[in-house]
Amino acid sequence: QVQLVESGGGLVQPGGSLRLSCVSSGSISSFYVVGWYRQAPGKQRELVASIGRGDNTNYRDSVKGRFTISRDNAKNTVYLQLNMLKPEDTAVYYCNTFPLPQTNWGQGTQVTVSS
């Protein structure tokens, strides 16, 4: 089964930036839509952004204009660029297919926004 591994998280001050990577053990282009999700403590997992095979993208309202999702099929990787980070962006970030997860959820990567 294909595995997706997330990385790139960290501790950053409000207004800072991070770039998250989601590397697939198989061909990322085999997935129609890949999404970045996040789960904050005590909250349900939510979709943050998604990207389709044709590079069409969608974002939840709270991150529009701040986050950018992209994919590099040659590297089997989907990226999430996080800019102008806010404390409410603090969460564990995961990647998986959308709308239905087709792989097991990975460990995720922790993003903490704090001064």
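If the convex hull of the alpha-carbon atoms of the range 8-59 is projected onto planes in all directions, what is the mean projected area in square nanometres?
Seen from a random direction, the Cα hull of the range 8-59 projects 4.9 nm² on average.
Over the alpha carbons of the chain, what is the largest minus smallest coordinate on each principal axis, giving the biggest first in Å?
Sorted from largest, the Cα extents of the chain read 40, 25, 22 Å.
Restricting attention to the range 20-53, which chymotrypsin sites (Phe, Trp or Tyr not before Pro) occupy a DSSP loop and are surrounded by at most 15 other Cβ atoms within 10 Å? Intermediate values should be presented prior to the final figure.
Values: sites: Phe31, Tyr32, Trp36, Tyr37; in loops: Phe31, Tyr32.
Passing sites in the range 20-53 are Tyr32.
Please list, by residue number, every one of the trypsin sites (Lys or Arg not before Pro) in the range 48-115 that is coil in DSSP and has at most 14 other beta-carbon atoms within 10 Å.
Values: sites: Arg53, Arg60, Lys64, Arg66, Arg71, Lys75; in loops: Arg53, Arg60, Lys64, Arg66.
Passing both the DSSP loop test and the Cβ count: Arg53, Arg60, Lys64.
Over the range 71-115, with a single point scatterer placed on each C-alpha, what log10 of the ratio I(q)/I(0) does the Debye formula yield at q = 0.21 1/Å?
The calculated log intensity ratios at q = 0.21 Å⁻¹ are -0.89.
Karplus couplings for the range 67-76 from phi (6.51 cos²θ - 1.76 cosθ + 1.60, θ = phi - 60°), rounded to Hz, Gly and Pro as x?
10, 9, 9, 8, 9, 10, 5, 5, 9, 6
Scan around Thr103 for amide H atoms under 5 Å from its own, H built in the peptide plane at 1.01 Å from N, and keep only partners 5 or more places away or cross-chain.
Amide H neighbours of Thr103, under 5 Å, 5+ apart: Thr97.
What aspartates and glutamates could a cross-link reach from Lys86, if we take a straight Cα to Cα line under 18 Å and drop same-chain neighbours fewer than 8 places away?
Glu46, Asp61
Using the Cβ atoms and a cut-off under 10 Å, what net charge is assigned to the surroundings of Glu46, where Lys and Arg are +1 and Asp and Glu are -1?
+4
Rounded to the nearest whole Å², what accessible area per residue is found for the chain with the 1.4 Å probe?
For the chain, the per-residue accessible area is 53 Å².
Do you know the relative contact order of the chain, to the nearest whole percent, from alpha carbon pairs under 8 angstrom that are 6+ apart?
38 percent
With the contact rule set at Cα under 8 Å and sequence spacing of 6 or more, what percent relative contact order holds for the range 60-115? List each step's numbers first, then the result.
Details: 58 pairs, mean separation 15.5, N = 56.
Relative contact order comes out at 28 percent.
The values are calculated or read from the model by the stated rules, or taken from the named source; none is laboratory data. Computed from a predicted structure; not experimentally measured. For neighbour counting, all protein chains shown are included, and Cβ atoms are generated from backbone atoms with ideal geometry for every residue, glycine included. Please note that ligands, DNA and RNA were not included when accessible areas were found on the heavy atoms of the full protein model with its side chains. Shrake-Rupley method; radii C 1.70, N 1.55, O 1.52, S 1.80 Å.
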